[in-house]
């Protein structure tokens, strides 16, 4: 667990910078008129949309093409509030109208392949795009079959809902249909995975939904880890609001799930115990989105190693990788981090086209979680580069104090909403 020495609220909000422009201490100077190049960005989430936008802001002459299959992009952050009945699914959706207005060419298609020698991207249907620099922001893919019994067909019965969209809606329908008195089981994975506090906020929001709609129901968290992000704060909140409704089982007490039977909604732990659910949510092992592998930038562990100073691939020149797909520890896999990394990639590439050295960056990350309505908690940290490696600046942040007042928790919840609106506006030009 991180230290409880909390980063000051004033400093955190200064890093947030209102509309998100201050997420990274990095200037974005204008580029000389004749130094444009071609950049293809694959993936239109927090990282990719931000990178495309900031490239055009740096120099409108840079030809920027964003490739994203979805015409309306739904974010994972805040979908847990949908399970709690506090937000609609549509509130998570964003379009690309502002990026188009800035001059970004947005192509709604799947990127099928990358030829890193010819510097081409091949889209579904056969169209080929040429690039000088490529930015990959592909998010995650699931390691199907790594958890025994859990494949694509199993996910239609026991959804992971770790990629926003149909899986989110499927899990919500199952929760709505579950009878009062049923048991919801969430199987949480080992590190690393997208959004470290995500499973525990999800449990919190489903706990709120059950408390108000299905109070006889139970929640069981089977965890492949011994510790998790903001653990003390979550456990305190669960006890305060949900009593005995939520049970968390760490790996040392048999929490690691080793087999899934989606048809019977049963899981088996490594100690051989069988648990049966009314609704089963499996958060499986993950890896970088498949296009990273096609581009030749993934390591044997499935994630993408990057140069800390620039987020250029360590394996292939002129390919930059940002967001959840990266091996960028100690930075977490979060939307805030993807947004900041997107700005760095944009600044580095713009400087390269202009014949200038890459800028020096530092990054902030703040992650808000809702335990109950008007009860928020957070973790914040600042990162820089030391001796070619990403570094968490000692004493730069921490978690919310465990003895905070109700007024403080309410402010944290409000800050979470403000953060989401600011970062959505920064990436897509839209607010929820």
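The values are calculated or read from the model by the stated rules, or taken from the named source; none is laboratory data. This is a predicted model, so every value here is computed, not measured. Cβ sites come from the backbone with ideal geometry, for glycine too, and all protein chains shown count toward neighbours.
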Check: If the Cβ limit is 7 Å and pairs must be 6+ apart or interchain, which residue in region 185-199 that is free of Cβ contacts under 8 Å to residues at least 60 places away in the same chain and assigned by TED's automatic domain parsing to the domain that holds residue 250 pairs with which residue that is in a loop (DSSP other than H, G, I, E, B) and surrounded by fewer than 22 Cβ atoms within 10 Å (Cβ to Cβ)?
Finding: 191/225
Margin query: Which of the numbered conditions does residue 208 fail, given that it passes all the others? Conditions: (1) closer than 27 Å to residue 336 by Cα; (2) touching a helix residue (DSSP H, G or I) at 6+ places or on another chain (Cβ under 6 Å); (3) crowded, with 17+ Cβ neighbours inside 10 Å.
Written below: (2)
Next item on the list: Identify, from the list 40, 106, the residue that is buried (at least 24 other Cβ atoms within 10 Å of the Cβ), outside the structural domain of residue 213 (by TED's automatic domain parsing) and not in a helix (DSSP H, G or I).
Entry: 40
Next item on the list: Only residues that are under 17 Å from residue 365 (Cα atoms) and in contact (Cβ under 8 Å) with a residue 12 or more places away in the chain: list them for region 390-401, please.
Entry: 390, 391, 392, 393, 395, 396, 397, 398, 399, 400
Notebook entry, point to check: When region 57-89 is examined, which residues are found to be assigned to a helix (DSSP H, G or I) and under 18 Å from the mean Cα position of the chain (by Cα)?
Noted result: 79, 80, 81, 82, 83, 89
Check: What is the one condition in (1) in contact with a helix residue (DSSP H, G or I) (Cβ under 9 Å, 6 or more places away or on another chain); (2) modelled with pLDDT of 95 or more that residue 301 does not satisfy?
Finding: (1)
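This table checks each residue for (1) surrounded by 16 or more Cβ atoms within 10 Å (Cβ to Cβ); (2) in a strand (DSSP E or B); (3) more than 19 Å from the chain's Cα centre (by Cα).
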{"position": "347", "(1), (2), (3)": "yes, no, yes"}
{"position": "361", "(1), (2), (3)": "yes, no, yes"}
{"position": "365", "(1), (2), (3)": "yes, yes, no"}
{"position": "376", "(1), (2), (3)": "yes, yes, no"}
{"position": "396", "(1), (2), (3)": "yes, no, yes"}
{"position": "403", "(1), (2), (3)": "no, no, yes"}
{"position": "414", "(1), (2), (3)": "no, no, yes"}
Note to self: Given (1) assigned by TED's automatic domain parsing to the domain that holds residue 369; (2) part of a loop (DSSP other than H, G, I, E, B); (3) surrounded by fewer than 18 Cβ atoms within 10 Å (Cβ to Cβ), identify the lone condition not met by residue 305.
What the structure shows: (2)
Note to self: I'd like to verify a number: residues in region 162-188 that are under 19 Å from the mean Cα position of the chain (by Cα) and more than 25 Å from residue 69 (Cβ to Cβ), how many?
What the structure shows: 3
Note to self: Of the conditions (1) at pLDDT below 95; (2) farther than 19 Å from residue 345 by Cβ; (3) buried (at least 20 other Cβ atoms within 10 Å of the Cβ); (4) in contact with a helix residue (DSSP H, G or I) (Cβ under 8 Å, 6 or more places away or on another chain), residue 18 satisfies every one except a single condition; which number is it?
What the structure shows: (3)
Margin query: For region 237-278, give me each residue that is closer than 19 Å to residue 206 by Cα and in contact with a helix residue (DSSP H, G or I) (Cβ under 8 Å, 6 or more places away or on another chain).
Written below: 237, 238, 241, 242, 245, 246, 248
Next item on the list: Tell me, yes or no, whether region 402-417 has at least one residue that is within 18 Å of residue 79 (Cβ to Cβ) and without any contact (Cβ under 8 Å) to a residue 24 or more places away in the chain.
Entry: yes
